[in-house]
1. First obtain the Kirkwood hydrodynamic radius of the chain from its Cα pairs, then insert it into the Stokes-Einstein equation at 20 °C and 1.002 mPa s, and state the resulting D in µm² per second as a whole number.
2. Once neighbouring chains are kept in place and the probe is 1.4 Å, which whole percent of the accessible area of the chain is contributed by carbon and sulfur?
3. With a 1.4 Å probe and every protein chain left in place, work out the accessible area per residue of the stretch 127-190 in Å², rounded to a whole number.
4. Note down the net charge around residue 257, summing +1 for each Lys or Arg and -1 for each Asp or Glu among other residues with Cβ under 13 Å from its Cβ.
5. Taking Rh as the Kirkwood radius, which is the inverse of the mean 1/r over Cα pairs, what is the Rg/Rh value for the stretch 202-314?
6. Provide the packing ranking of 296-302, 266-272, 92-98, 38-44, i.e. peptides ordered by the mean count of other C-beta atoms within 10 Å per residue, highest first.
7. What order, most packed first, do the peptides 127-133, 303-309 have when packing is the mean number of other Cβ atoms within 10 Å of each residue?
8. For the chain, give the magnitude of the charge dipole about the Cα centre (Cβ charges: +1 Lys/Arg, -1 Asp/Glu; no others), in debye to the nearest 20.
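The values are calculated or read from the model by the stated rules, or taken from the named source; none is laboratory data. Since this is a predicted model, take the numbers as computed values, not measurements. All Cβ positions, glycine included, derive from the backbone under ideal geometry; neighbour counts span all protein chains shown. All accessible areas refer to the heavy atoms of the entire protein, side chains included, with ligands and DNA or RNA removed. Shrake-Rupley method; radii C 1.70, N 1.55, O 1.52, S 1.80 Å.
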Amino acid sequence: MDRPRAGIRVLTEDMHPGQLRVGEAAAAARIAAAFPELAGLPVSALATPGTVNALFRIGATHVARFPLQPTAHAEIAAEVAALEEFAAVAPFPAPVPLGVVDGDAAYPSAWSVQTWIQGRTAAEALPDADPGPLPGLADDLAHLIGALRRASLRGRSFDGRGRGGDLRVHEEWMTECFARSEHLLDVAAARSLWARLSRIPHPGVEVLSHRDLIPPNLVLSEDGRLDGVLDGGSFGPADPSLDLVIAWHLLGLDDRRRLRAALGSDDREWRRGGAWALQQAMGLGWYYERTNPVMAALGLRTMGRLLEDPDLVG
């Protein structure tokens, strides 16, 4: 059964300075004008833990994504192209774009519509710090990551945006995260772990990567297997370790080791994956503490796994 996706209603929570807002009626009018084939279908705002877009379900088969901050048409078009490539490469269902629409004075951002993937996300289905054994899901994740790694780069390289390049360029951000997180976790232990893991050099090779493989972007079947992958708009070249972040975001120790063995990750690759997970998780707890409790809790759970992982801290 297709259930509503849980989380916070991002349309009424300001997570970012200058955050844009759009209501259901305005979204429905824009959707009907830009996509006549969707006119007349019910449009409903979705409660999600997403931090980039406000989502509106359109009937049973589509969803509109309205950025929470002004975003140029060219940037959304690039995300759409990446999403199309991801959907063609991924061995699991992924959204397919329908189109990109320019913003206007009332809503100064381009926005897009794509197909809907039914099911519950891992953030909903597995919200606890210890979700229990998930060997089948670990196998599915290995299948997904392996398929992405085997896809052709077509001469491309990391674009320098966000995570996926040199870990050391994130030192300033991590310093701020440590300073703001004293009340949330053992910052001394986190600093020490980051100091060790961030020294591991880039492998000098890149692969195609989802680049945001976190629980809200994974759709699970009723029996806990991977049934879809969302948010492939950042799909592109990156450090092969980057998609390993999902190991600490979602899996227990035994399943992390199962994923590692299936991918054949050596110690350097695995520990760099831990570094990327730490870099991402450290920013979630304090930044979203008051505005997005789902993402804040995800960051703190991940930090707990990282700081207790004998394969990283031993």
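1. 107
2. Numbers: 6980 of 13220 Å².
Accessible surface attributable to carbon and sulfur in the chain totals 53 percent.
3. Ligands and nucleic acids excluded, the result is 56 Å² per residue.
4. My count for the surroundings of residue 257 gives -2.
5. 0.95
6. 296-302, 92-98, 266-272, 38-44
7. Output ranking for 127-133, 303-309: 303-309, 127-133.
8. 240
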